[in-house]
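To keep things clear, I will list the structure first and then write my remarks on it.
The values are calculated or read from the model by the stated rules, or taken from the named source; none is laboratory data. Every value quoted in this text rests on a predicted model; they were computed, and no experiment measured them. No Cβ is skipped: glycine too gets one built from the backbone with ideal geometry, and neighbour counts run over all protein chains shown. Side chains included, ligands, DNA and RNA excluded: accessible areas come from the protein's heavy atoms. Shrake-Rupley method; radii C 1.70, N 1.55, O 1.52, S 1.80 Å.
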Amino acid sequence: MPTRRTALLLAGLALWLLSGLARADAVVRDGIADLRHWDPLTQPILPLDGEWRLRWGTAGAEARPFVLPGTWNGRVLVDGEELPAFGHAWLSLTLRLPSERPPLALRFRDVKSAARFYLDGRLLASRGLPAASAAGEQPQLLPTLLSLPAEGTELELVVEISNHFHFEGGVDGRVLIGRQEVLAQRLAAREQANVAVLGATVALGLYLALLIRSRRQPYPALLFIAVLAISTLRLLMTSDLLANSGLSAATALRLEYLPLFLMPAFYAWLLRALFPDEVALGVCRLLSLGALAGSLAVVLLPVAEFTALRDPGAAMLVLALLYLFLRLALAVRARRRGAGTIAVGAVLLLLAVGNDALRYAHVFNSIDLASLGVLAFLFTHGLALGHRALDSLMENAALSERLAALNRDLESQVERRTRDLAERGEALRQARQAAEAEARQKSRFLATLGHELRTPLNGILGNLELLQRDLPAAAAGQRIERLREAGSSLLQVLEGVLEMAQAEAGRFSAPVRDFEPRQLLRGVTALLEPLARDQGLTIQATVDDTVPQRLSGPAGVLRQILVNLLSNAIKFTEQGGVRIALYPEGAQGYCLEVSDSGRGMSAAERDRVFEEFYRAPQANGPGAGVGLFIVARLAAAIGARIELDTAPGRGSRFRVHCRLQGAQAPASLPAPNRAGPWRLLLVEDVAANREMARELLSLEGHQVDAVADGESAVAAVAGTRYDAVLMDLRLEGMDGCEATRRIRALADTAAANTPVVALTADAVRLDRAFCRRHGLDAVVGKPLELSALYAALATLCEVEPPPSVAPVDGGRLEELAAELGPARVATLLGELDETCADQQRRLGELGAQGDGAELAAIAHRLSGAAANFGFTELAAAARRLRTAMLAERPQAVAELQATLDVTRVRLETWRRRYAGPGAGLEQEQGKT
């Protein structure tokens, strides 16, 4: 219904406006206005339209007919002559008036550009100064009201006009004759309407300023103020309010023309701000470009040039307003807020401005609707913005009420939840205690599991090493070496499981230590080389030459990652080989790479390969599908990144990117089997482990006392001087930490400062910071590794290596002869010679490219046996072979073969001397 009423109203206004299209009958014919029968009382105003007389150039020129209102700018007269825009002319008219008449007056408007008015040869008024040239002309574009004399019935009116200023000259508006009081009243009423509109403009401007200050619709309000200013400027320049302002004609025309170009653009942006879905952004930008171009032309061009843009500008204005009216109609149809009210004002303004533009273009004559249109426009738009602001205030009030209700509801919920929390507090406290107890129980379980599994492994690995010493045969030695390596691998798996459990509990911290990267790769390769050989595969290990000899980082975790990756590569490779490499990546960055020539993986497999319990569809062998999952978790725990490059038929390449730091090479230490000899106290509660460790250390030449509990350890240290105490931490009764504290509290300073090395199978408590807090000097894990123990003891006992080492340690042989007897030593030396011969023959069979594990087993047996009897040169050559990488093996094997040849000669010499009666070595010790 509102839309229908609006349409009917607009249709009525349009019909009323179109009624002005019909021109009234012409009053003036042949330069004579015969008004003798005109009654000014019943028809107070009469337009003097029709054929006036025109003299062009001079006052004495021939008169020609000229229709007013009318202008000249290339206009063709009746006789075919064309009048230019610039020139000097005289318009004349004979007025025949009624004898009985009230006071009359003439109204001239839009005379271009200067004029003088004569009545019966007498000058009545001037508007500027007309002249025959631009230099003498003084333009003045103001309306003129001429009073007519009361006497006489026939008057001769002459208007002298010149134009060298505007793009067209003449009289652009109707010349009116009428009762003087009515013309004056109408003029006053028009100016009063203009003043009222200006007052409403000021009031609306204040209202908009309040809207902006209150931040209600600020952007539309700013645009509306701009539209308001443009409309007001147009109203002022087309009214008589500034008639006496002193503005020049050029300035007045520029100010009058600017709104013609600015109005479409600003009004389009206003409607877009209000109805963004209906008004296109591109149209607003196009109108802005037109407004900019037109405004620059008005400001910069001469008057005669920019006034020629009047008709194109009016057309642009009308078309823009028609487009915006159509978009407003869509907004009304879409029921946008305030669209109907704004549409009414827009249509009224469109009609008023269109009427103004068409009047200027002489399409038809009508009354001036500019002030009424502007007033309706301002009122409707201000009303719409006010409604929007009011709606916004009401929405804010509603939101405030809702917020208050939400606050009240929130307060009630807080109260209820506070009560609930108070009621649940005890339950939460109990749950927390239960969780903490469960965590402690899990920690105890992990510690117990580690201890219980490490303890038998300690005995297994230690006794395997003793058995290897007692069985020098090659085949048995190789099997024992493999058993020992398998046990070490099982120990690594155990440590990995415990570390994963710690990571799940959030307590995992990979121990950082110095290690030799080449030795790390050699160990991993030697461990899995038998598995690869059984499948007909080769393993190649390379370390880039730029990698330092020693690095610092989580070596144990890296070893487990490499073992899992390498075993996985071997499992899924049918032919070819596996490559393991280490190379640097930037500052402190390193990449461990494991690649194979296997079948590769599809994209789907690659996406799931690190998932827990995932097994490839083609995997037929044993396995639980957790190897790569453990790799991913361990890598994440140490801050490493895993990258997988694979494709079906191309094999797989795993890259582990990690950060490691270079480490200084350790100070030169004595060979592990010759450090000391030391006097040691072994504290171990498990009898098998105690006897195994004691025998191992005794065979290395150390004097070892052993006790089973902490109390005995404290008593032994108090009564005997020891080089170091090897302390198991988990003891019955007094544990290792308490025993260490009591040792540190002994009155004897030397005894109290005895170095204490922790021996523990407790993976959870194997923490150096923990041991330092309890007075322990070093930590060695179980199963016992002699190299780690000797490294710790050599540092703590401050044993310096001898400046040089003889090929044979005669002192060691003399000690053995004193303990076992010369005959027994001679027999043992004969057995050692047989062992050397057997291992030398085996070396010749294998060659430099033989199986790495077998070569390492031979080197291990030779180094241990030679060291026991003091043959240091042979022991050193065997150790070098054992630690040699693939590329270094040929030289190490050749060196060991040569050393065996020399050593066997020395063995025979020493055996014969001990076998003879009264044999002694004193006279020969300096010769060897």
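Observations
- Amide H contacts of Ala758 (H built 1.01 Å from N, under 5 Å, at least 5 apart or other chain): Met727, Asp777, Ala778, Val779, Val780
- Radius ratio Rg over Rh of the stretch 516-662, counting only Cα atoms, Kirkwood formula for Rh: 0.95
- Remark: relative contact order (the stretch 516-662) = 26 percent; criterion is Cα-Cα distance under 8 angstrom and separation of 6 or more residues.
- Averaging the Cα positions of each part gives two centres, and for the stretch 820-847 and the stretch 539-608 these lie 40 Å apart.
- Placing +1 on each Lys and Arg Cβ and -1 on each Asp and Glu Cβ, with no other charges, gives the stretch 516-662 a dipole about its Cα centre of roughly 140 debye.
- Area accessible to solvent at Asp110, 1.4 Å probe radius, in Å²: 50
- Pairwise FRET efficiency - Ala404 versus Leu145, Cβ, R0 = 51 Å, nearest 0.05: 0.15
- Each peptide in 641-647, 221-227, 542-548 gets a packing score, the mean of other Cβ atoms within 10 Å over its residues, and the list from highest to lowest is 221-227, 641-647, 542-548.
- Taking 1.567 mPa s as the viscosity and 4 °C as the temperature, the Stokes-Einstein diffusion coefficient of the stretch 26-183 based on its alpha-carbon Kirkwood radius rounds to 82 µm²/s.
- Positive dipole terminus of the stretch 185-344, leading residue within Phe306, Leu328, Ala229 (C-beta point charges): Leu328
- Averaged per residue, the stretch 43-122 has 41 square angstrom of accessible surface, using a 1.4 angstrom probe with ligands and nucleic acids left out.
- Taking the alpha carbon gyration tensor of the stretch 229-301, multiplying each eigenvalue by 5 and rooting it gives semi-axes of 29, 15, 5 Å, largest first.
- For the stretch 810-915, accessible area per residue (1.4 Å probe, heavy atoms of protein chains only), Å²: 42
- Considering only Pro548, Ala637, Gly649, the residue lying farthest towards the positive end of the dipole of the stretch 516-662 is Ala637, judged by Cα position with unit charges set on Cβ.
- Accessible area of the stretch 26-183 belonging to carbon and sulfur atoms, whole % at 1.4 Å probe: 50
- Label zone at Ser602 (point 7 Å along Cα-to-Cβ), backbone N below 12 Å, the stretch 640-666: 648
- Take every pair of alpha-carbon atoms less than 8 Å apart whose residues are at least six positions apart; their mean separation over the length of the stretch 115-255 yields a relative contact order of 19 percent.
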